[in-house]
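The block underneath contains the structure these notes are about, expressed in structure tokens.
The values are calculated or read from the model by the stated rules, or taken from the named source; none is laboratory data. Quick caveat, the model's predicted, so the values are computed rather than measured. We place every Cβ from the backbone using ideal geometry, glycine too, and count neighbours over all the protein chains shown. For the accessible areas, the whole protein counts, side chains as well, though only heavy atoms, and no ligand, DNA or RNA atoms are used. Shrake-Rupley method; radii C 1.70, N 1.55, O 1.52, S 1.80 Å.
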Amino acid sequence: QPTCARADSYQAALATDRVVFHRTDGTIETRTEITTVPDDAAEVRRVTVTNNGPRPAQVELTSYGEWVLAPPDADRAHPAFGNLFVETEWHAWCQAITASRRPRAHGEPRQYGVHVVALPDAAVGGVTFETDRARFIGRGRSVRAPAALERGATLSGSAGAVLDPIFALRTRLRLLPGRSASVSFTTAVLGTREHAFDLADRYRDPHSAQRALDLA
């Protein structure tokens, strides 16, 4: 979801500690494990890609989500208006996108969100990012077939006070025949900017994702 690309094989396993999606597409095998870390109010998604083919393969992984940082009822009532209060930033040092919601009333706490990627040695090139939904989706399209996933498309690297804020990170893996590599995407909601940076610094390390799955 949401692109619903048909796989050669697909399986979903729902357990008490995690959700696992396993699929194969030609010679590429993908295993996505999702768990939560209650102490950090975080969700960890570890994607393990295996090249079962006879030749080296390059695979791009792209995350996508939409910032809200508000109660569900407020978002349902005025989603477009609420989005105007969200600002996004890119932090290359920790390979993370942060977002914050400006208070609309005196005494309202400021909310922060962070989305960070942890890379393996098989990653090639730098991490690219996008925080503008209109640029990611494209004119007249939807999340089912976004422009950002067209062959050769790139992420624009926009950030700031965009009209419709999202988080999207992209990395590329180069896998030798028979080899696997894991990329972890962690998303969290926090109360302070400092805490957001602390968590980004922690979860840019691949071992933190493994620890979260072990503790789950």
#### Entry: Amide H contacts of residue 132 (H built 1.01 Å from N, under 5 Å, at least 5 apart or other chain)
158, 166
### Query
Relative contact order for the chain using alpha-carbon pairs under 8 Å, separation at least 6, rounded to a whole percent?
28 percent
### Angle between the chain longest axis and helix 193-203 axis [Cα atoms, degrees, rounded to 10]
10 degrees
### Task
Calculate the spin-label point distance for residue 179 paired with residue 1, positioning each point 7 Å from the Cα along the beta-carbon direction, and give it in nanometres.
3.4 nm
### Query
Of all accessible surface on the chain at a 1.4 Å probe, what whole percent is carbon and sulfur?
50 percent
### Message
If you average the alpha carbon positions of region 139-163 and of region 194-216, how far apart do those two centres end up, in angstrom?
### Response
27 Å
### Task
Skip the ligands, DNA and RNA, and give the accessible area per residue of the chain with a 1.4 Å probe, whole Å².
56 Å²
#### Entry: Of 62, 30, 138, farthest towards positive along the dipole that unit charges on Lys, Arg, Asp, Glu beta carbons give the chain
138
### Message
I want to verify a result. In a Gaussian network model of the chain, Cα cutoff 10 Å, which of these has the top mean-square fluctuation: 102, 110, 141?
### Response
141
### Query
From the list (i) 27, 22, 14; (ii) 29, 20, 17; (iii) 33, 22, 17, can you say which value of semi-axes √(5λ) of the Cα gyration tensor in Å was derived from the structure given?
(ii)
### Query
Does anyone have the angle between helix 206-215 and the longest principal axis of the chain? Alpha-carbon axes, 0 to 90°, nearest 10?
90 degrees
### Task
For region 1-95, give the magnitude of the charge dipole about the Cα centre (Cβ charges: +1 Lys/Arg, -1 Asp/Glu; no others), in debye to the nearest 20.
480 debye
### Task
Could you please report the charge total around residue 109, scoring K, R as +1 and D, E as -1 over all other residues with beta-carbon less than 14 angstrom from its beta-carbon?
+4
#### Entry: Lys/Arg +1, Asp/Glu -1 at C-beta; region 151-198 dipole; positive extreme among 152, 184, 166
152
### Task
Go ahead and estimate [θ] at 222 nm for the chain from helices alone: -39,500 (n - 2.57) per DSSP H run with n ≥ 4, summed, over the residue count, rounded to 500.
-4500 deg cm²/dmol
### Query
For residue 145 and residue 201 in the same chain, what is the full-extension length gain: residue separation times 0.36 nm, less their Cα-Cα distance, in nm?
16.9 nm
